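The structure appears right after this line, and notes come after that.
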Amino acid sequence: MKDVYQDVIAGARAMTPILLGVVPFAMVTGVAAVSVGLTPVEAVGMSAIVYAGAAQLAVLQLMGSGGIWIVMVLTAWIINLRFTMYSASLAPYLQKLSLRWKGLYAYILSDQAFAVSISRFNDDEPAHPQWFYFGAASSIRATWQVSTVAGVILSAQIPKSWGLDFAVPLTFMVLMFPALKDRPSVIAALVGGGVAVLAKGLPYNLGLVLAALMGIAAGLIAENIVNKKRTGS
Amino acid sequence: MTQSSWLLFLAIGLGTYLLRCSFIYLFGRVDMSGWLQRALKYVPAAVLAALVFPALTHPAGVLDLSLGNARLLAGIAGALVAWRTRNVLLTILTGMGLVWLLQAL
C-alpha cells in the first residue's frame with residue numbers, strides 16, 4: 001500500500017508547476033461566467049459538470065454574443081474531441097482498474113493530466129501508473145474547481161465597464177501557440193482564424209463551426225503536401 | 001436562462017464525458033482510424049484561432065480594422081506576449097492594460 005501512496009504523491013508533485021498556470025485560467029473562467037450573466041451557482045456548476053476550460057470559455061463567449069444552444073454544444077464537443085486521443089493513449093495503463101474506477105478516472109481527465117502522465121510513462125514507468133495518473137489528474141481537478149470559485153467571488157467586485165470579457169481571447173492565445181507545432185498546424189490556425197473573421201456575420205455564430213472544420217481540413221491538406229514533398233514524389 | 005443553462009451544461013458535459021471515457025472503456029475492441037487521429041491533431045490550432053481572431057477584429061460585433069480598435073492593437077501585443085512567455089497572467093495583464101490605456105487616451 002505504501003508504494004501506491006508514493007505513486008499518487010509523485011503524480012501530484014509532477015503537476016505542481018503546471019498548477020500555477022491553471023489557477024488564473026480557472027479564475028478567468030469563473031469571472032467570464034458571471035460576466036455573461038450566469039449566477040454564481042451556475043458558474044461553479046458549469047466547471048463541475050463540464051470541466052474543460054477552453055470549451056467552457058468558448059461557450060461563455062458564445063453566450064455573450066447571443067449564440068444558440070446547438071452551436072454552443074457543437075462547439076464544445078468539437079473542442080473536446082481531443083479527449084478521445086488522450087483516452088486512447090492512457091487506456092493501456094488503466095486496464096487493471098474496475099469499471100467504476102475507470103469512470104472516475106475518465107471524469108478527471110484533462111490536457112495537463114494526460115501530458116504529465118504520458119511523458120512520465122514513456123520515460124520511466126512508475127510501479128503503478130494508474131495511481132500516478134490519479135495523483136496528477138485529481139490535484140489539477142481540485143485546483144480547477146477551487147480557482148473557479150475564487151474567480152466567481154472576485155468577479156462580484158469587478159465593474160462591467162472594465163471589459164474583462166477580453167481576458168477570454170487573451171487566455172486562448174496562450175493555449176493556441178503551443179498547438180502551432182509545425183507548418184500544417186500554423187496553416188490550420190490561419191485558415192480557421194481567417195474563415196472565422198470572414199464568416200462572423202453568419203447567424204447563430206455558425207461561422208465558428210464552419211471555421212473550425214475548414215481549419216482542420218486545411219491542416220490535413222497541408223500535411224499531405226508536406227508528406228509528399230518529403231518522400232520526393 | 002437559469003433552467004436552460006443547466007440543460008446546456010448537462011448536454012455539453014455528458015458528451016464530453018463520453019469522449020473522455022471512449023477508449024478507456026473500448027481499449028482493445030476498437031482501433032482509432034488513421035485519418036480521424038490525424039484530423040484531431042489540428043483541432044486546437046483551428047478552433048482556438050477561430051475564437052481569437054474575431055474577438056480582435058469584431059470588438060463590437062462589426063468588423064473594425066482601424067487604429068481606433070483598442071482590442072485589435074492590445075490583442076496583437078497580447079499575442080506577442082503569449083507567444084514568447086506562454087504565461088496566462090502576463091498575457092492578460094498586457095492585453096487588458098493596453099486596452100484600458102488606449103481607451104483612456
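Each reported figure results from applying straightforward, stated rules to the coordinates on display, with no laboratory input. This is a predicted model, so every value here is computed, not measured. With ideal geometry, Cβ positions are generated from the backbone for all residues, glycine too; neighbour counts draw on all protein chains shown.
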Quiz item: For the pair residue A:98 and residue A:68, what calculated FRET efficiency results from E = 1/(1 + (r/R0)^6), where r is the Cβ-Cβ distance and R0 = 56 Å, to the nearest 0.05?
Solution: 0.90
Quiz item: How far apart, in nm, are two points set 7 Å out from the Cα along the Cα-to-Cβ line at residue A:124 and at residue A:146?
Solution: 2.8
Quiz item: What is the Cα convex hull volume of region A:1-52 when expressed per residue in Å³?
Solution: 92
Quiz item: In whole angstrom, how long is each semi-axis of the equivalent ellipsoid of the protein assembly as shown, when you take the square root of 5 times every eigenvalue of its Cα gyration tensor and sort them from largest down?
Solution: 32, 25, 19
Quiz item: Looking at A:135, A:105, A:58, which one has the Cα that reaches farthest to the positive end of the dipole of region A:1-143 (charges on Cβ: Lys, Arg +1; Asp, Glu -1)?
Solution: A:105
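Roughly how many debye, to the nearest 20, is the charge dipole of chain B about its Cα centre, given +1 on each Lys and Arg Cβ, -1 on each Asp and Glu Cβ, and no other charges? Mind dumping the intermediate values first?
Numbers: 7 positive and 2 negative charges, 63 e Å.
Taking the Cα centre of chain B as origin, the dipole is about 300 debye.
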Exercise. Rank A:159, A:40, A:84 by how far each Cα sits towards the positive end of the charge dipole of chain A (+1 on Lys, Arg Cβ; -1 on Asp, Glu Cβ) and give me just the farthest.
Key: A:84
Quiz item: residue A:93: net charge of surrounding residues, Cβ under 11 Å, Lys/Arg +1, Asp/Glu -1, itself excluded?
Solution: +1
Quiz prompt | chain B: angle of helix B:70-85 to the longest principal axis, Cα-based, in degrees nearest 10 | solution = 60
Quiz item: Dipole of the protein assembly as shown, Cα-centred, from +1 at each Lys and Arg C-beta and -1 at each Asp and Glu C-beta, to the nearest 20 debye?
Solution: 460
Exercise. Run the numbers on region A:1-125 and let me know its relative contact order in percent, using alpha-carbon pairs under 8 Å that are six or more apart.
Key: 23
Practice problem: Over the Cα atoms of region A:39-197, compute the convex hull volume and normalise it per residue, giving Å³. | Solution: 143
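For chain B, compute Rg over Rh where Rg is the Cα radius of gyration and Rh is the Kirkwood radius from the inverse mean 1/r over Cα pairs.
On the way: Rg = 19.6 Å, Rh = 17.3 Å.
Taking Rg over the Kirkwood Rh, I get 1.13.
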Practice problem: Can you put A:3, A:124, A:182 in order of Cβ neighbours within 10 angstrom, beginning with the fewest? | Solution: A:124, A:3, A:182
Exercise. Can you spot the lysines whose alpha carbon is less than 20 Å from residue A:96's alpha carbon? Ignore those fewer than 8 places along the same chain.
Key: A:2
